[in-house]
Amino acid sequence: MSGENNAPIYTSDSRGDDATGDGTEEKPFKTILQAMRKAGSEPFPVIYVDSKEEGKKYEVVAKAQLKKQQKIWVRECYKLADGQKREDEDTEKRLKNLEEAKLIVIEEDKSLSEAKKIKIHDGHKFRNQRVKIYGWAHRIRRQGKHLMFITLRDGTGFLQSVLNDKLCQTYNAVLLQTESSIILYGTLKELPEGKTVSIVCL
């Protein structure tokens, strides 16, 4: 609703409710600020508050009281506008990143040794060898634009994998979500005792 609607808005500190009220005489809002939110823009329609006169329900809000609440309302509007602006900028930036990601094409380096297809629980047999593992992205953590950690799950175990540079910037990598089905190619590296074996993708 906008300020063009001239229907009066009722508020009542004692009987009103900002959550369930609709600004009518029977179902008033609790606060003047909520009445302003309903109006949406200036000039505001007439806003009524609890009457100080005995036997009278409502009276027009005093100008000083209205002005005080109006300042709060204006600050709130600026805050909302800034939030929307940041959201729009973030959306534009994300769309730009997606378009750039579509231009990045990764191909397997044929000069490297052939990757052996294995299950995660057999990883200890293939340390320092190139492997390929089919599985699901159990967890994903991105660290900036050039580093990405994926915990891979294949039904036999879990494997910590690391992607860097352009591998993190492809269209599929940018859109990757948990539970996505993926194939990882890379070299298995042994970590200190007590740590999870990791696969460094190439």
Considering each of I120, I32 in turn, give the residue that is assigned by TED's automatic domain parsing to the domain that holds I133 and at pLDDT 90 or above.
I120
Residues in segment 15-28: is at least one of a type outside the set (K, R), part of a strand (DSSP E or B) and at pLDDT 95 or above?
no
Given the options A35, A19, A62, A39, name the one that is loosely packed, with under 10 Cβ neighbours inside 10 Å, within 30 Å of N6 (Cα to Cα) and out of contact with any Cys (no Cβ under 7 Å at 6 or more places or on another chain).
A19
So which residues in segment 124-168 are in contact with a helix residue (DSSP H, G or I) (Cβ under 6 Å, 6 or more places away or on another chain) and assigned to a loop (DSSP other than H, G, I, E, B)?
H146, D154, T156, G157
Checking the structure you have, find out if any residue of segment 68-79 is at pLDDT 90 or above and assigned to a loop (DSSP other than H, G, I, E, B).
no
Could you list, ordered by first residue, the pairs with Cβ atoms under 7 Å in which the first is in segment 95-124 and over 22 Å from Q160 (Cα atoms) and the second is assigned to a loop (DSSP other than H, G, I, E, B) and modelled with pLDDT of 85 or more, at least 6 apart or interchain?
A101/Q169; A101/T170; I104/Q169; I104/T170
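Check segment 95-106 and report whether any residue there is polar (S, T, N, Q) and within 21 Å of L33 (Cβ to Cβ).
no
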Select from segment 154-184 the residues that are crowded, with 18+ Cβ neighbours inside 10 Å and either of a type in the set (S, T, Y) or touching a His at 6+ places or on another chain (Cβ under 7 Å) (or both) and write down the one among them that is modelled with the highest pLDDT.
S161
Considering each of V74, V105, V131 in turn, give the residue that is exposed (fewer than 10 other Cβ atoms within 10 Å of the Cβ) and of a type in the set (V, I, T).
V105
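The values are calculated or read from the model by the stated rules, or taken from the named source; none is laboratory data. Model, not experiment: these values are computed from the prediction. Please note: Cβ atoms are built from the backbone with ideal geometry, for glycine as well, and neighbour counts cover all protein chains shown.
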